[in-house]
Amino acid sequence: MRRFEVISSWQGRGINLPARKTRLSAGYDLEAGERVVLAPGAVTLVPTGLKAYMNPDEVLQIFIRSSFAVKSNLALANSTAIIDADYVDNPANEGHLMLPLLNRGQEPITIEKGQRIAQGIFFKYLCTDDDNAEGERQGGFGSTGQ
């Protein structure tokens, strides 16, 4: 069940599925799905063309690649992206993984299609013994706070 797939509207666009680069790597490298220019001081959503399936008691956490952050003066705007299991295949955007990058520099930065920009790590999580969450996801990016 745990896997990455290319979203339907991005099929045939040369999107690579994330992969771990070494046997002991925790993270799956995520690439930019298209060329994007990041304005100085601005947050820009960088599309990956991907969605992620996971078990109901799991979450995908996304972190910026450390070497990329240091060399480019970029950060994930939310520090760590949290992707819930019910985000995949939502009707608003099919669960498209979009990375909110903040350009902390003074010059525009261009990210090329296929450039490795982040890594995703799957985690299991626990709930409180008296948890009674019953709601259903109603939308896509940022919808659980509405």
Once Lys and Arg get +1 and Asp and Glu get -1 on their Cβ, which of 60, 90, 25 lies farthest toward the positive end of the dipole of the chain?
25
Expected 222 nm ellipticity per residue - DSSP helices of 4 or more, -39500 (n - 2.57), all of the chain, to 500
-1000 deg cm²/dmol
Please build a GNM for the chain, connecting alpha carbons under 10 Å apart, and tell me which residue among 29, 130, 57 fluctuates the most.
130
With all protein chains present and a 1.4 Å probe, the order of 80, 48 from largest accessible area down is 80, 48
Percent relative contact order for the chain, counting Cα pairs under 8 Å at least six residues apart, stands at 32
Taking the Cα centre of the chain as origin and charging only Cβ (+1 Lys, Arg; -1 Asp, Glu), how large is the dipole, in debye to the nearest 20?
980
Compute the accessible area per residue over region 1-128, keeping the other protein chains in place, probe 1.4 Å, unit Å².
53
Can you give me the C-alpha center-to-center distance between region 3-46 and region 63-94, rounded to a whole angstrom?
9
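Suppose every Lys and Arg Cβ carries +1 and every Asp and Glu Cβ carries -1, with no other charges. What dipole size does region 56-96 come out with about its Cα centre, to the nearest 20 debye?
500
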Within the set 120, 12, 135, GNM on the chain using Cα springs under 10 Å gives the largest fluctuation to 135
Nearby lysines by direct alpha-carbon distance to residue 71 (threshold 30 angstrom, same-chain neighbours under 8 apart not counted)
21, 51, 113
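Please list 94, 112 in order of solvent-accessible area, largest first, computed with a 1.4 Å probe with all protein chains present.
Order by accessible area, largest first: 112, 94.
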Give the accessible area for residue 3 in Å² (nearest 10); use a 1.4 Å probe, count only protein heavy atoms, and leave out ligands, DNA and RNA.
100
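The values are calculated or read from the model by the stated rules, or taken from the named source; none is laboratory data. No experiment lies behind these values; they were computed from the predicted model shown. Cβ sites come from the backbone with ideal geometry, for glycine too, and all protein chains shown count toward neighbours. Ligands, DNA and RNA are stripped out before the accessible areas are found, and what is left, the full protein with its side chains, is counted by its heavy atoms. Shrake-Rupley method; radii C 1.70, N 1.55, O 1.52, S 1.80 Å.
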